[in-house]
Structures are given as structure tokens and as C-alpha cells.
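In what follows, a structure is listed as C-alpha cells, so that the remarks can point back to it.
What follows is calculated from the coordinates using simple rules that are stated; it is not laboratory data. Keep in mind that this is a model prediction, so the values were computed, not measured. With ideal geometry, Cβ positions are generated from the backbone for all residues, glycine too; neighbour counts draw on all protein chains shown.
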Amino acid sequence: MSDKIKIWREKHPDLYEFILFNIMSNVATLTNFVMLWVGSGLLFKALSDRDFTWFIFDYTKENGGLSGFLAFLLAYICAQTVNFFVQRKVVFGATCKISKVLPWYIVTVTVAGIISIWLPPHVIAFIKPLAGGFAATLANALNIGIQVIINYPMLKLVIMRKE
């Protein structure tokens, strides 16, 4: 690391951490997109002709159907699993016991996950006339932004502490 970056990092540790958080979140983001595409294009493709409506989730055939729901769910779970370990070691250097903080992480990602699974069909329905087949990818990008807003403060202030 160059001396200028080290000096800037020392002067702005919180901003540096937030930037590093976002850079390292790209590992989870990449996992998320790959699993979304694998899930919807391969694993669950045969289920795309089935509507899925349950509780607050409304995935019509036009917005991905059961395939879309399962693909977004799989992508989210895989990304958050990767994200926990990347953020823990690289960004926060957390030394707390995983068993103590894992319940908080699960609650945090569950709340963000419910939003991230509920929101896509609504976003897709709204932007599909303009974005066509790219609508699911754009909905996923919006989800990732929402996850940052929820996850970063929880990780920083509650979950990834140093003992």
C-alpha cells in the first residue's frame, strides 16, 4: 500500500472501511448474480411457467414465476454466506466468536432477504416494458443497494466487533 493511501486511511478510517466494505461486497455480488443466472437459467428453469404466490411474495409467470422466486432466494443465501466470511476477515478483522454473532447476522440478512425476495416481481413488472429481459438483473442490482443500507450499519455496529 502506498504511503499516501496509508496516510489517507489513518485520517479517514470509517470512510476507508465503508469503501473496503463495498469493494469486498463485490465478492458477494458476483456470487449473487452468478447464482441468480444459474438458478433461473438452469436449476429452476422448468418452474418458470408456474405462478408463485405465498404470503407477501407474488411471482407471476410474467415476472419469473416459481423459478424466479427460487433463483432469487438461492442467490441471496449463497451471497450472504460468502459475505459473512469476507466481511468478517477482510473488512472488519472481527475476532468475536462466530457463535455469538451468527444469530444477529441471520436476523439481519433475513430482514434484508425478505425485502430482497418480495421486491423483485414489483420492480420487474414496473421496468420490464423498458428493460425487457434485463429487468431481473436490474431488480437484483436494486436489491444489492438495499442490502448495503441494511447490512453495513449492522455489521459495523453490532455483528463484526473485535473482542
How many nm separate the modelled label positions at F126 and V158, each set 7 Å beyond the Cα in the direction of the Cβ?
2.6 nm
Checked against a 18 Å limit on the C-alpha separation, the offending pairs among K4/K156; K100/K156; K4/K89; K89/K156 are K4/K156; K4/K89
Straight-line reach only, C-alpha to C-alpha below 13 angstrom: list the aspartates and glutamates that K128 could link to, leaving out same-chain residues fewer than 8 apart.
E62
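On a full-extension model of 0.36 nm per residue, what is the gain between D49 and V27, subtracting their alpha-carbon distance, rounded to one decimal in nm? Each step should come with its number before you reach the end.
Values: separation 22, 0.36 × 22 = 7.92 nm, distance 3.13 nm.
So the chain would gain 4.8 nm between D49 and V27.
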Stretch gain in nm, segment D14-I146, where the contour uses 0.36 nm per residue and the Cα spacing is subtracted
45.5 nm
Mind checking the log10 I(q)/I(0) for segment 1-53 at q = 0.13, 0.29 Å⁻¹? Debye, one equal scatterer per Cα, no solvent, two decimals.
-0.54, -1.02
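Which order do the peptides 8-20, 34-46 come out in when sorted by mean C-beta neighbours inside 10 angstrom, highest first?
Values: 8-20: 12.5, 34-46: 16.3.
Highest mean packing first, the order is 34-46, 8-20.
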Over all Cα pairs of segment 3-159, how is the pair count split among 10 Å bins, expressed in % and running from 0 up to the last occupied bin?
11, 37, 29, 17, 6, 1
Mean-square fluctuation check for the chain, GNM, Cα pairs under 10 Å: which of A28, A135, A71 is largest?
A135
Rounded to the nearest 500 deg cm²/dmol, what is the calculated helix-only ellipticity per residue at 222 nm for the chain, with -39500 (n - 2.57) per DSSP H run of length n ≥ 4?
-24000 deg cm²/dmol
Which of the aspartates and glutamates could a cross-linker bridge to K11, judged by Cα under 16 Å and excluding same-chain residues fewer than eight apart?
D3
Footprinting proxy, L30, L66, L157: sorted fewest to most Cβ within 10 Å, the residues are L157, L30, L66
Using 7 Å Cα-to-Cβ label points, what is the T137/K100 separation (nm, one decimal)?
4.3 nm
How big is segment 89-163 along each principal axis, measuring the range of its Cα positions in Å and listing the largest first?
51, 21, 15
Calc'd 3J(HN,Hα), segment 134-142, phi into Karplus 6.51 cos²θ - 1.76 cosθ + 1.60 (θ = phi - 60°), Hz, glycine/Pro = x, comes to 7, 4, 5, 5, 5, 4, 5, 4, 4
Relative to the longest principal axis of the chain, what angle (0 to 90°, nearest 10) does the C-alpha long axis of helix 98-131 take?
40 degrees
Short version: ³J(HN,Hα) in whole Hz for each residue of segment 36-44, in order, from phi by Karplus 6.51 cos²θ - 1.76 cosθ + 1.60 (θ = phi - 60°), x for Gly and Pro, what are they?
4, 5, 5, x, 7, x, 10, 4, 10
